[in-house]
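The values are calculated or read from the model by the stated rules, or taken from the named source; none is laboratory data. The structure presented is a predicted model; accordingly, all values stated were derived computationally and were not measured. Glycine also receives a Cβ, built like all others from the backbone with ideal geometry; neighbour counts cover every protein chain displayed.
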Amino acid sequence: MDTSKIIEMTDEYCLPTYRRFPVAFVRGQGVKLYDPEGKEYLDFVAGLAVNTLGHAHPRLVEAISEQARNLIHTSNLYHIEPQARLARRLSNLSFGGKVFFCNSGAEANEAAIKLARLFGKKQGQRYEIITATNSFHGRTMITLTATGQSKFHKGFDPLPPGFVYVPFNDLTRLQETISDSTCAIMLEPIQGEGGVNVATIEYLKGVRELCDQKGLLLIFDEVQTGIGRTGKFFAYEHYGIVPDVITLAKGLGGGVPIGAMIADSEIASLLGPGTHASTFGGNFLATSAALVVLDVIEEDNLLQHVREVGTYLKNGLDRLAGKYPVIKEVRGKGLMMACELEQEGSSIVMECLQRGVLINCTMDKVLRFLPPLIVTVSDVDQMLDVLDGVFSCLK
Ligand SMILES: Cc1ncc(COP(=O)(O)O)c(C=O)c1O
């Protein structure tokens with residue numbers, strides 16, 4: 001099927017929930033994607049921080065194929081060996097907590113919010129969760145309410161109660177907002193959809209202290225920042241503090257849908273039998289895929305690689321910022337990098353697409369770069385050359 005036919009069928013049969021670019025892909029290899037007409041694209045989006053190992057990574061392909069030949073799904077009525085093994089890996093990589101598996105970031109956050117509510121009830125009638133403005137936590141009713149951006153709330157009211165929003169990186173406002181109803185604080189260590197806003201060390205350390213003083217749960221939404229994206233396995237590791245709950249999805253399965261919530265063991269016991277569940281959560285296929293993603297990150301020393309290539313990318317973007325005043329700021333960590341522009345970025349994304357490079361724009365003016373973790377410096381050079389060419393045409 002050619003691109004125009006795919007677009008035509010999508011328009012006819014799919015809900016119009018997405019503003020899609022006029023391209024479709026039929027094949028991927030490493031950091032490259034190919035459309036039906038054979039045009040090659042360099043992928044600096046990675047399915048929005050999903051394709052950790054790039055496309056068609058042989059280890060991932062082999063693991064999924066072998067697992068599919070054996071067993072894809074049973075049910076959480078029964079024990080699932082790769083689920084147990086993945087839970088052990090995630091527990092050991094984090095703070096030794098217990099893991100609940102689901103299928104997406106929103107579901108992981110949903111689990112964390114349910115856990116926070118049970119935690120709050122145990123301490124009295126606490127139910128309120130403080131989140132940050134410009135945060136993004138998902139699109140289900142409760143996670144879009146947790147999301148501190150009114151544009152996502154519009155039209156869906158009445159929203160479920162129990163969320164308050166405070167400006168990100170503002171410890172004083174957070175402290176003032178904590179009340180007798182507060183049970184948890186939920187933050188992304190680096191806000192992704194909100195424009196790649198990096199939390200300061202003082203802020204997250206201060207938030208941890210406040211949570212300890214007031215007996216609140218600290219939930220880190222690492223759906224986008226986790227699984228090595230920022231050059232540490234979890235972004236919180238840059239900050240010298242540890243949260244009580246972590247949520248994950250996106251990069252965990254390298255493209256196979258999987259979400260996870262890791263919770264401090266004592267708190268995790270609040271979610272006893274019957275309190276929460278997911279039919280597909282932690283199935284054989286998804287957890288086998290995630291185990292291989294973790295193996296490759298470890299065996300190929302990808303965290304070090306992300307730090308090195310991430311620095312190279314940042315330096316290249318800084319050079320462009322020196323050349324083109326339209327770039328207001330370059331920020332991010334590892335391979336979660338962004339350029340905030342003085343103008344809207346959609347035409348730049350479109351121009352890059354036409355020149356065979358996929359990048360993303362969020363919050364209208366923030367160009368975002370989220371390549372697969374296996375991206376090389378020569379891929380970065382290629383992307384920067386194209387971006388340089390596009391910026392030079394703006395002048
Ligand atoms: C930080 C964060 N949390 C949650 C989500 C929601 O994840 P999903 O789309 O898998 O439900 C996203 C998605 O962009 C995200 O970036």
Please state which one of Leu271, Leu285 is more than 16 Å from the ligand (Cβ to nearest atom), among the aliphatic types (A, V, I, L, M) and assigned to a loop (DSSP other than H, G, I, E, B). Leu271
Where Gly155 falls short, out of the listed (1) of a type outside the set (A, V, I, L, M, F, W, C); (2) within 30 Å of Gly228 (Cα to Cα); (3) part of a loop (DSSP other than H, G, I, E, B): (2)
If Thr74 passes every condition in (1) among the hydroxyl-bearing types (Ser, Thr, Tyr); (2) within 30 Å of Thr362 (Cβ to Cβ); (3) away from the ligand (no atom under 16 Å from the Cβ); (4) not assigned by TED's automatic domain parsing to the domain that holds Val242 but one, which one does it miss? (2)
For Glu193, work out the one condition from (1) part of a helix (DSSP H, G or I); (2) within 16 Å of the ligand (Cβ to nearest atom) it doesn't fulfil. (1)
Does Gly240 satisfy being on the phi > 0 side of the Ramachandran plot, more than 11 Å from the ligand (Cβ to nearest atom) and either part of a loop (DSSP other than H, G, I, E, B) or at pLDDT 95 or above (or both)? yes
Against the definition (touching a helix residue (DSSP H, G or I) at 6+ places or on another chain (Cβ under 6 Å), more than 29 Å from Cys361 (Cα to Cα), in the same structural domain as Ala290 (by TED's automatic domain parsing) and away from the ligand (no atom under 16 Å from the Cβ)), how does Arg59 come out, yes or no? no
Could you count how many residues in the range 209-235 are within 18 Å of Ile129 (Cβ to Cβ), surrounded by 20 or more Cβ atoms within 10 Å (Cβ to Cβ) and more than 12 Å from the ligand (Cβ to nearest atom)? 4
Working only within the range 31-43, note down all residues that are in contact with a Ser or Thr (Cβ under 9 Å, 6 or more places away or on another chain) and surrounded by 17 or more Cβ atoms within 10 Å (Cβ to Cβ). Val31, Asp35
Conditions (1) touching a residue at least 40 places away in the same chain (Cβ under 8 Å); (2) buried (at least 21 other Cβ atoms within 10 Å of the Cβ) -> Gly345 fails only (1)
